[in-house]
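One structure below.
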Amino acid sequence: MLSSTAMSAESKGFTLTLVQEDGQACVELPRARVLLRGPGRDDAVVELGLDPVVVGSGIECDLVVDDPYVSRRHCQLVMTTRGVVVRDLGSRNGIWVQKIRVVEAVLPPGAGVSLGKLSLTVEAEGAVRVPLSAGEQFGEAVGKSMAMRALFARLQRAAETDEPVLMLGESGTGKELLARAIHQTSPRRGGPFVVFDCGAVAPSLVESELFGHEKGAFSGAQSARVGLLESANGGTLFLDELGELPLDLQPKLLRALESRQVKPVGGNRMRPLDLRVVAATHRDLKARVSSGEFREDLYYRLAVVEVRVPPLRERRDDIPVLVERLLAQRTPPCTLAELPPNTLEMLAGHTWPGNVRELRNTLARLILFRGGEGGSLPGLEGDAKSVTAAPVPLRMPFHEAREVVLEDFERRYAAEHLRAHEGNVSAAARAMGVSRQFLHKLISEHGLKGQSSVR
């Protein structure tokens with residue numbers, strides 16, 4: 001049981017406290033808000049909790065700033081045990097604290113952050129308590145950071161209901177793992193867990209995959225097929241990469257979920273549905289709703305419980321426990337002692353654009369190269385130009401070796417095409433023979449964003 005313990009943020013003007021409330025572990029944090037002020041404009045305000053606040057001119061930001069001196073993603077503010085930390089996100093004009101340009105700083109009480117002619121300040125009044133999970137695990141997902149324990153607690157409560165859950169987060173953060181945990185701890189655990197990746201199927205086939213079809217419904221439909229919606233009856237349907245769902249199919253999905261009935265393609269009879277939907281996306285769905293790329297009514301239907309899965313760079317405290325778990329899951333199991341010296345320190349210094357998926361594949365390469373022939377940390381160069389082809393990993397089980405080789409191939413293949421087409425995603429995708437959505441997925445998974453432009 002956790003006792004009430006004041007964390008070190010108190011000396012910085014903001015206190016995070018672990019407390020017990022009716023037997024439930026909670027973190028008590030300031031009821032903080034970020035204020036943006038500038039000449040000739042009204043103040044803009046956004047709340048700051050355990051989730052970071054991103055400030056910039058892009059519509060996907062939490063605090064959108066229409067100013068020529070502010071970059072699309074300019075800076076981030078996050079509540080930590082050290083206090084409120086402000087980080088530059090690679091902005092063009094930088095962030096300034098007390099007339100000093102900084103990359104990262106803990107804000108002293110009352111201090112402002114300058115963005116051009118604008119000023120950001122953080123104010124706190126009162127406190128709010130956020131429940132935490134009692135343990136450091138939810139299903140197969142692990143994490144001891146406050147952000148993950150708060151996420152686990154919220155998903156555990158949501159799992160007890162039948163409400164839809166929408167998880168937002170970067171590729172590789174473990175959203176499917178969390179979706180499985182929701183299913184396994186829900187009253188529907190005895191039913192099927194059905195996965196559909198909206199971005200991995202050609203748009204022309206999505207309707208048939210989801211809703212099924214009757215024999216002769218279209219050319220090539222030689223027999224009837226049950227759709228994934230109907231296959232998930234009694235269980236959970238996980239819609240991965242929901243943001244890639246074709247716009248013309250969104251009303252049909254909404255009608256099926258609202259009416260709890262589905263009609264296969266080419267059919268004339270409605271069939272009953274009894275399922276729970278969990279969805280996930282790395283897209284900013286609110287921004288896509290604003291731009292007309294995603295239906296607002298479907299968004300609100302699926303976002304009854306909406307959570308953000310933090311990227312690995314925001315929860316570096318979880319790296320040791322993740323490493324232990326990933327090594328233990330290998331065949332045969334491994335331990336940290338089998339890796340090169342100072343591995344954890346080096347892993348903690350990486351930005352992990354591919355998140356937990358990248359960490360898992362990096363550990364696989366470390367095991368492969370542990371004899372020293374491949375360097376201390378192969379795959380952490382951060383520059384695809386320096387990544388060379390790995391030898392065939394004969395010392396691994398087949399399925400693990402195949403995954404390592406494919407991951408290495410995907411990263412180098414996409415990087416070469418992006419470089420050949422000067423970062424033009426559309427041109428690179430055409431040359432590769434894949435969709436722009438699929439190439440964007442590779443870019444996100446393999447940390448190639450610096451080599452691409454949105455065209």
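The values are calculated or read from the model by the stated rules, or taken from the named source; none is laboratory data. What you are looking at is a predicted structure, and each value in this text was computed from that prediction instead of being measured. Counting neighbours? That spans all protein chains shown, and the Cβs are built from the backbone with ideal geometry, glycine included. Each accessible area value is taken on the protein alone, full model and side chains, heavy atoms only, with ligands, DNA and RNA left out. Shrake-Rupley method; radii C 1.70, N 1.55, O 1.52, S 1.80 Å.
Hand me the GluC sites (Glu not before Pro) from segment 191-294 located in a DSSP loop with no more than 16 other Cβ atoms within 10 Å, in residue order please.
For GluC sites (Glu not before Pro) across segment 191-294 that sit outside H, G, I, E and B with at most 16 neighbouring Cβ atoms in 10 Å, the list reads E293.
Please list 328-339, 56-67, 126-137 highest first by mean number of surrounding beta-carbon atoms within 10 Å per residue.
Highest-to-lowest ranking by the protection proxy: 56-67, 126-137, 328-339.
Just for the chain, what percent of DSSP beta bridges are antiparallel, to the closest 5? Walk me through the intermediate numbers first.
Values: 50 of 71 bridges.
Of those bridges, close to 70 percent are antiparallel.
What is the antiparallel percent of DSSP beta bridges lying wholly in segment 151-271, to the nearest 5?
35 percent
Once you've got the Cα coordinates, tell me which of K117/K286; K252/K286; K99/K144 are over 26 Å apart.
Going by Cα-Cα distance, K117/K286; K99/K144 fall outside the 26 Å limit.
Classify segment 220-259 as rounded, prolate or oblate from the Cα gyration tensor: take a ≥ b ≥ c as the square roots of its eigenvalues, call it rounded if a/c is under 1.5, otherwise prolate when a/b beats b/c and oblate if not.
The shape class here is oblate.
Can you list the aspartates and glutamates whose alpha carbon is less than 12 Å from that of K263, not counting same-chain residues fewer than 8 positions off?
K263 reaches E207, E214, E230.
Assign one of three labels to the chain, namely rounded, prolate or oblate, based on the Cα gyration tensor with a ≥ b ≥ c the square roots of its eigenvalues; rounded applies when a/c is under 1.5, prolate when it is not and a/b is larger than b/c, and oblate otherwise.
Numbers: a/c = 1.40, a/b = 1.23, b/c = 1.13.
Because its axes are fairly even, with a/c under 1.5, the chain counts as rounded.
Between V103 and Y413, what is the label-point separation in nm under the 7 Å Cα-to-beta-carbon projection?
3.5 nm
Relative contact order for segment 67-219: what percent, with Cα pairs under 8 Å and sequence separation of 6 or more?
Worked out over segment 67-219, it gives 12 percent.
Provide the solvent-accessible area of D297, counting protein heavy atoms only and rolling a 1.4 Å probe, rounded to the nearest 10 Å².
Using a 1.4 Å probe on the heavy atoms, I get roughly 60 Å².
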